[in-house]
Every structure is written in C-alpha cells, then in structure tokens.
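The structure appears below as structure tokens.
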Ligand SMILES: [Ca+2]
Ligand SMILES: [Ca+2]
Ligand SMILES: [Ca+2]
C-alpha cells in the first residue's frame with residue numbers, strides 16, 4: 001500500500017488515464033461519460049464530462065447540448081459508443097439525438113495538466129439545430145458563486161442569485177423538449193425565454209480567487225460564452241458553451257480545459273460518528289475515511305468538554321485498519337470503553353470533530369421533528385399552518401380529472417383504456433381528500449401512500465405512541481402544528497392517508513397509480529401547493545387564462561389527473577393496507593374502518609382473480625420497486641442467497657407462485673387476520689411464509705416477524721433457525737463495507753434499503769434478543785446520523801443532532817432550506833468510485849429528496865429503536 005501511495009504522488013503532476021477509465025492527477029479527476037445521460041428524468045445534472053475537484057464534483061454536463069442553459073426536460077444525448085484509447089491517453093464518446101437524427105463525437109485527450117476536448121462531426125449540424133447545438137459544460141453554482149472570473153482579461157464575479165439578462169424568441173425556434181412536454185407557460189405570447197451570456201471571449205478562468213476551484217478554459221477556434229442556468233430554473237448551473245459552426249464537418253471545436261491542482265493536496269479525513277451521540281452502554285466506533293495518499297495515524301483521542309468549559313482527554317485508543325473501499329481507505333476508532341455521560345469530541349491527528357453527547361437519553365427525540373413537523377406539512381388537501389407561518393393553503397380544490405391515454409414526466413403512463421367508467425378528462429368525484437404529498441413534488445403516489453399508512457399502522461400497533469402535537473380537522477380541512485387536539489397524531493395520519501386511498505377504491509373501483517400533474521409547467525412547482533392549480537374546474541370551451549362569469553371554471557388546463565390503469569399488484573398492496581387500517585381505526589373512526597375492510601376484501605378477491613387470469617403475461621412483482629429505492633440498487637449480498645440447487649429452487653418458486661394465486665398475498669392475509677380474526681387468513685399466511693423465507697430470507701424476514709404476535713410458540717420455534725441465518729446476514733456487512741450496513745449504488749441513494757434493514761434488525765432483536773443482540777440495532781442509527789462516507793452530517797434533520805444536513809430537496813428547496821424531520825436518500829454513487837451528498841446544493845433528488853414513504857419508514861425505525869433503547 002505505502003509503496004503504491006508514494007509512486008502515485010511522484011507521478012501526480014500530469015493528468016493520466018487510470019485503471020478506472022478516468023483522467024487523474026492529485027486533486028483532480030476528469031470523468032468522461034463514466035455516467036451517461038440515462039433519460040429517466042432526462043437531465044439529472046449527473047452525467048457527461050465531469051470534474052471531481054479536490055474531492056467535490058463541481059463540474060458535470062460536458063456534452064453536445066441543444067440549449068444555452070439546458071433544463072431538466074431538455075433533450076439529452078444518448079451515448080451510443082465509448083472508446084478508451086490507452087495508447088493515446090484519450091476517451092472518445094459518440095452521442096446521438098434521435099429526435100433530430102444528429103450524431104456527434106467528443107474526444108477527450110490528456111495534454112499535460114490539461115485535457116483537450118474536441119468535438120467532431122461526420123455530417124454538418126442539422127439545419128433545425130444550426131445555432132442551437134453547442135458544446136456545453138456546467139459548473140456547480142454553490143461552489144462558484146461569489147468567486148471571481150476573468151474572460152480575455154476582463155474581470156467579473158459570479159453572482160449569488162441569478163439576475164443576468166434574457167430575450168424571448170418564438171416557440172417555433174425552441175428545440176423540442178422531452179416527449180414534447182413544455183417546461184414553461186408562455187402566457188399566450190407564443191414565445192420562450194432564452195438567457196443571454198454574462199460574458200463572451202476565448203480565454204476564461206473560473207474562480208481565480210480559489211485555487212481549489214480554479215479552472216482555465218481556452219479555445220482558439222470557438223467563442224466561449226458564460227451563462228447562468230438559474231435564469232430559467234432554480235436548479236440550473238453556470239454553463240460555459242460554444243455553438244457548433246453551421247455547415248462544417250471534421251474537428252469543429254477544440255477546447256483546452258485545465259483544472260488547477262493544489263500541490264500535494266490530501267483530502268481532510270472524514271471522521272464518521274453519530275451526530276446525536278451515543279448511550280453509555282452502546283458500541284461506539286468512528287469510521288475514518290482517508291485519502292489514498294494519506295498515512296493513517298496510530299491512535300486517536302476522545303476529548304471530554306467539562307462543565308466548567310475546559311477539556312480533558314477521556315480516552316486514547318489505537319486506530320484499526322479496515323482497508324480500501326472504492327477510492328478511499330478506511331480506518332476505525334473504537335471508544336466504546338467511554339461510558340461516562342458528558343460532552344465529547346474526537347481528535348484524530350489535526351482533525352477535531354464537533355461535539356456530541358454520551359447520555360442515556362440521546363435517542364428520546366429522534367422521531368419528534370418528523371412526526372410533529374415534516375408529516376403534517378405534507379398532508380394534502382388541507383390548509384397547514386404553524387405559528388405565524390402558513391406552509392400551504394388547501395391544494396387542488398377543483399379535484400382530479402380522468403387521465404386520457406398519455407405518457408408522463410414522472411414515470412407514469414395511462415394506457416389505452418381508462419379501466420374506469422369515466423371518459424377521458426371527466427371529473428372523478430371525491431378524490432380531493434386526504435393523502436400525503438409524495439416528496440419534493442405534490443402528487444399522490446398511491447404506492448407510496450400505501451406504504452405510509454402501513455408504516456404508521458405498524459408503529460401504532462406495536463408502540464401505541466400517544467404523542468399529540470398536531471391539530472387536524474377534516475371538517476375544516478385545517479392542520480395546525482404544535483396545537484394538541486386530544487387525538488394521538490399517528491391515528492390522525494392513518495386516517496388522513498386512508499381517506500384518500502379508500503376514496504380511490506370506491507370512486508375508481510380500484511387503485512389509481514397516481515394522482516398527478518397533467519402539465520409539466522406546474523409539476524416543477526416551487527411554492528405554496530395551493531397555487532399549483534387555479535382551484536377552478538377546467539372548461540375547454542373557455543380560452544386559456546379566461547374565467548367563467550360565475551367564477552367557477554377556467555380555460556387554463558391546469559387540473560390534476562388520476563392515472564387509472566389497473567394494476568392488480570397495487571390493488572393487493574392496498575388490500576393489505578386497508579385490512580390493517582380497518583383494525584387500527586376501529587374505535588376511532590368506525591365508519592372509515594368499515595369502508596376500508598370492505599375494500600380490502602373486495603380488492604383482494606378481484607386482484608387475485610385478475611392475476612390468475614393474467615398469469616400467462618405475468619407482470620413483474622418489482623413493478624413499483626423503484627419507490628423503495630431498490631430498483632437500481634446493486635449491493636453485493638454478503639450471504640449469497642439462493643444457494644440451493646436450481647431445480648429445488650425452481651420447484652419452490654412454482655409452488656409459492658401457485659399458492660399466491662390461490663390463497664392471495666401472504667402479507668395481505670396476515671393483515672386481514674389481524675383485522676377480522678378469521679382463521680382462514682392465518683392458514684393462508686402459514687401456507688406461504690416458509691417457502692418465502694427459503695427463497696428470499698432477507699426480503700421476507702420482516703413479514704415473518706410481523707406475524708409473531710398472531711402466532712403460537714411453535715411458529716416462533718420454527719422461525720428461530722431463519723433468524724439465526726439472518727444474524728449471519730447482518731454480520732456479513734462488517735466485511736462487505738466499512739460501515740456495516742447495506743450500501744446502494746443506484747441513481748437514488750439507498751436510504752430506503754438501509755431503513756428496511758434497520759427495521760427488520762430491530763424487530764428481530766425484539767422477538768429474538770438471544771439471537772440478534774442489542775448491539776446490532778445501532779448500525780443503521782450510526783449511518784443515518786453521521787457515520788458514513790463523504791461528510792459526517794446527519795442525513796436526518798433530527799432533533800438532537802449537533803450537525804444535521806442543512807439543505808434538502810424539499811418543496812422549499814429554492815430557499816436552500818429544509819423541512820425539519822426530513823430524511824435524505826443519502827449517498828449518491830457516481831461511477832466508477834465516488835460517493836456524494838451535497839450539503840450546499842439541494843437540487844439533486846437522488847441524494848437530497850425526502851419521500852413520504854421513506855420518512856414514515858424512518859418513524860417506524862425510530863420508534864422501534866427508541867423502544868429498544870429505553871427498555
Ligand atoms: Ca412524484
Ligand atoms: Ca392530534
Ligand atoms: Ca383548474
């Protein structure tokens with residue numbers, strides 16, 4: 001290791017192409033389409049040519065683009081080829097715009113401390129794109145604003161807020177946007193906004209006043225233009241671009257890009273620890289992330305801040321090596337021996353952490369911000385207020401229209417039939433009640449809302465939290481934070497979620513996939529949810545922006561749509577949730593409990609029949625898996641499931657599918673038993689659970705544990721060996737990565753997977769404490785509250801943390817703020833070896849958004865953890 005490190009330092013003067021296929025010198029990584037534009041949400045600001053500059057990914061988006069400052073739904077190129085030429089030290093990427101039959105190539109070659117970026121065309125730019133297509137590269141505003149730049153020697157300073165100049169141009173000149181959607185409402189002018197450059201020239205230096213961020217760009221053959229992308233969209237970046245010359249082929253543009261490197265730069269150690277602190281008896285291990293050129297210390301200290309303000313050394317311990325994980329090296333510092341309550345910080349070499357507590361009560365308030373603030377703010381169809389502040393008025397008063405056949409910008413589709421009695425664009429009555437905003441957007445994702453209600457119920461059934469800090473009046477459609485009303489808040493949240501979902505089942509006949517925006521230009525809304533639509537029924541006989549004489553209808557097509565293509569899998573999930581909701585609501589809202597039970601039985605029966613009918617063309621069970629964040633997740637499973645011989649496994653698979661078709665989903669059966677006490681449901685569950693555990697132990701353990709309260713001692717005994725295996729699975733993460741939890745590598749960071757893991761570990765400990773020890777329940781807490789890669793801030797805006805994250809992708813993200821109690825997805829993995837969580841730039845949802853399903857998952861995780869700790 002050491003020899004290797006020294007060798008790297010000596011060669012670090014020039015950029016070279018490394019084994020992981022990017023250009024590297026100490027302090028600078030230049031990635032060329034290690035991450036390509038994937039088209040899922042179009043421009044995710046995560047792709048193309050990227051620069052990781054002294055540890056921070058400050059530049060991305062390097063590619064041929066069709067706009068001065070591309071927005072999220074502007075077209076992105078498809079990478080059709082990528083060639084790495086080690087001999088020449090170059091990477092060549094071919095990209096294509098299908099919409100315009102337009103191909104181009106970009107060749108990036110290391111030239112000393114710089115890279116040359118050349119754009120090649122085999123055919124001239126298509127006529128329609130002449131003057132529009134250009135080579136762009138984008139700079140992260142939060143790392144560049146307030147810094148100085150020069151263009152051909154002229155001085156400037158990059159602005160904190162976007163206030164450059166724009167023009168408008170006819171819509172006919174605007175390159176097509178994603179699937180033909182429009183990000184803007186031109187208010188009937190027929191014109192779109194186009195930003196003008198801040199500066200133009202041939203030699204640009206960004207951040208002349210900051211060696212860590214300085215980048216020089218020069219071009220002899222093309223004019224460089226500097227734009228501010230925030231003029232069109234708050235999540236825009238600073239853009240440097242050169243328009244491709246019309247009518248030319250061959251090498252049409254050449255840039256030289258030189259990111260400055262601070263000589264001998266070594267990244268500051270990232271000391272991961274829990275920002276809310278530790279209880280005296282729990283294990284306490286800091287994970288320290290080190291630059292590969294750093295030499296580990298031999299020991300670290302835990303310092304105590306005494307009541308009189310002076311400090312003393314409480315403990316000194318040896319540093320233990322863990323080893324390399326992706327691009328960094330990891331060591332650990334175990335200070336579990338310290339049990340005296342107090343205020344502490346870690347001293348490792350010259351690095352000192354902020355302080356944290358060791359105290360028996362550190363976990364007492366971990367769910368309060370989420371239940372008291374985040375969740376009620378996300379209650380849809382209500383006016384929500386807190387003290388002097390109104391979070392939002394009552395949204396979507398005009399209700400929801402039947403979606404016509406359509407594609408959608410948020411991953412939904414309405415098929416060729418509506419699967420309902422409604423005609424396209426007809427009002428479906430009664431849907432504007434209850435439900436929770438999905439996330440940083442304002443739609444009702446049915447799958448997520450089902451999870452939400454289930455998470456609340458699970459919390460309620462097991463822990464009965466009586467906390468009452470929220471006033472909820474369904475009659476007044478009014479929510480007031482920090483105003484008790486005599487009803488436990490969790491019951492009111494269960495009721496609020498159930499109200500919308502029951503309305504869907506009753507009005508539509510089955511579950512909608514989503515209740516969402518019909519037009520893109522109100523989907524990216526940032527502001528009061530009540531102002532997304534005009535609250536008036538859309539009337540196509542009126543002109544756009546015109547309001548009827550009675551003031552009830554308008555010609556603005558802003559009404560939300562219900563996407564109603566039937567999914568029996570979703571109906572089954574709803575059936576499970578309705579059964580559980582009916583049980584939880586009995587005695588509080590008997591009428592709603594009854595309605596939920598009716599829908600549960602009906603949906604389970606119908607959906608099971610439909611699934612059997614569709615068996616030939618069986619849909620993938622993972623249809624909604626992306627909501628759980630698991631779809632793109634690839635983790636190395638430490639226990640290699642599915643080790644059975646294929647034949648045995650195949651047989652098990654067939655039997656469990658057949659059972660599921662005949663008996664219905666096992667989790668639904670379990671919930672129906674809990675709601676009705678009818679024994680056949682329990683038998684249906686018992687007939688399926690063991691096969692399920694054989695097939696996928698980690699995925700089905702939670703359901704098996706959920707059944708413990710309803711089953712006898714024999715069930716528990718039979719479950720023991722599976723829990724023992726699960727304990728091995730938990731322990732396997734100690735060698736899988738330095739942090740001991742499942743780490744996701746998808747486009748959506750893995751918090752949902754981590755929370756699922758944490759909840760299952762907690763339940764396994766509750767029912768089988770002799771197998772899964774108490775020490776295991778802190779793994780996920782440590783990760784969430786700061787012991788993770790990149791930085792050590794708490795991913796949860798939680799009460800008690802010294803340093804929670806400061807920005808999240810909430811619906812107030814344009815203010816670089818957060819909503820208390822939010823849980824960030826966490827670390828976004830950028831291929832081939834970079835984990836990232838920006839804390840000065842909220843706009844990348846894959847790392848900073850909080851979802852209603854994830855945050856309620858957090859409530860059940862936190863409630864179970866509190867319960868275990870306080871035993
Ligand atoms: Ca959504
Ligand atoms: Ca209440
Ligand atoms: Ca409307």
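The values are calculated or read from the model by the stated rules, or taken from the named source; none is laboratory data. What you are looking at is a predicted structure, and each value in this text was computed from that prediction instead of being measured. Cβ atoms come from the backbone with ideal geometry, glycine included; neighbour counts cover every protein chain shown.
Does residue 501 qualify as being more than 14 Å from ligand 2 (Cβ to nearest atom) and farther than 30 Å from residue 759 by Cα? When the stated conditions are applied, residue 501 does not pass them. Against the test of being surrounded by 22 or more Cβ atoms within 10 Å (Cβ to Cβ) and either within 16 Å of ligand 1 (Cβ to nearest atom) or in a helix (DSSP H, G or I) (or both), the options 602, 595, 573 yield a single qualifying residue, 573. For the range 549-565, filtering for residues that are part of a loop (DSSP other than H, G, I, E, B) and either without any contact (Cβ under 8 Å) to a residue 12 or more places away in the chain or within 16 Å of ligand 1 (Cβ to nearest atom) (or both) leaves 2.
If you check residue 432 against the conditions, is it over 24 Å from the mean Cα position of the chain (by Cα) and within 16 Å of ligand 3 (Cβ to nearest atom)? Yes; evaluated as a whole, the condition is true for this residue. Pairing each residue of the range 448-469 that is farther than 17 Å from residue 369 by Cα with any residue that is in a helix (DSSP H, G or I) and within 14 Å of ligand 2 (Cβ to nearest atom), provided the two are 6+ apart or on different chains, yields C-beta distances under 7 Å for 453/494; 457/494; 460/490; 460/491; 460/494.
Of the residues examined, residue 442 is one that is out of contact with any strand residue (DSSP E or B) (no Cβ under 7 Å at 6 or more places or on another chain) and within 16 Å of ligand 3 (Cβ to nearest atom).
If the condition is being over 14 Å from residue 465 (Cα atoms), in contact with a helix residue (DSSP H, G or I) (Cβ under 9 Å, 6 or more places away or on another chain) and within 9 Å of ligand 2 (Cβ to nearest atom), then the range 475-491 contributes only 485. Residue pairs whose Cβ atoms lie under 7 Å apart, sitting 6 or more positions apart in sequence or on different chains, and linking a residue in the range 428-446 that is touching a residue at least 12 places away in the same chain (Cβ under 8 Å) and on the phi < 0 side of the Ramachandran plot to a partner that is in a loop (DSSP other than H, G, I, E, B) and within 16 Å of ligand 2 (Cβ to nearest atom), are 436/378; 437/378. For the range 144-196, a residue qualifies if it is outside any strand (DSSP E or B) and closer than 25 Å to residue 52 by Cα, and the qualifying residues are 144, 145, 146, 147, 158, 159, 160, 161, 162. Tallying residues that are surrounded by 20 or more Cβ atoms within 10 Å (Cβ to Cβ) and either under 13 Å from residue 514 (Cα atoms) or away from ligand 3 (no atom under 16 Å from the Cβ) (or both) within the range 386-411 yields 8. Set side by side, the residues 520, 536, 515 differ, and just one is away from ligand 1 (no atom under 16 Å from the Cβ), touching a strand residue (DSSP E or B) at 6+ places or on another chain (Cβ under 9 Å) and touching a residue at least 12 places away in the same chain (Cβ under 8 Å), which is 536. Checking the range 489-508 against the condition returns no match, with no residue being more than 16 Å from ligand 1 (Cβ to nearest atom) and outside any helix (DSSP H, G or I).
With respect to (1) within 16 Å of ligand 1 (Cβ to nearest atom); (2) at pLDDT below 95, the lone exception for residue 463 is condition (1).
Go through the range 6-104 and tell me which strands (runs of 3 or more DSSP E), entirely inside it, have 1 or more residues that are at pLDDT 95 or above and over 23 Å from residue 144 (Cα atoms). Can you show your working first?
Details: elements: 23-25, 28-32, 49-53, 56-65, 78-85, 90-97.
It comes to 78-85, 90-97.
Answer yes or no: is there a residue in the range 552-569 that is under 24 Å from the mean Cα position of the chain (by Cα), more than 30 Å from residue 813 (Cα to Cα) and surrounded by fewer than 23 Cβ atoms within 10 Å (Cβ to Cβ). Within the range 552-569, one or more residues are under 24 Å from the mean Cα position of the chain (by Cα), more than 30 Å from residue 813 (Cα to Cα) and surrounded by fewer than 23 Cβ atoms within 10 Å (Cβ to Cβ).
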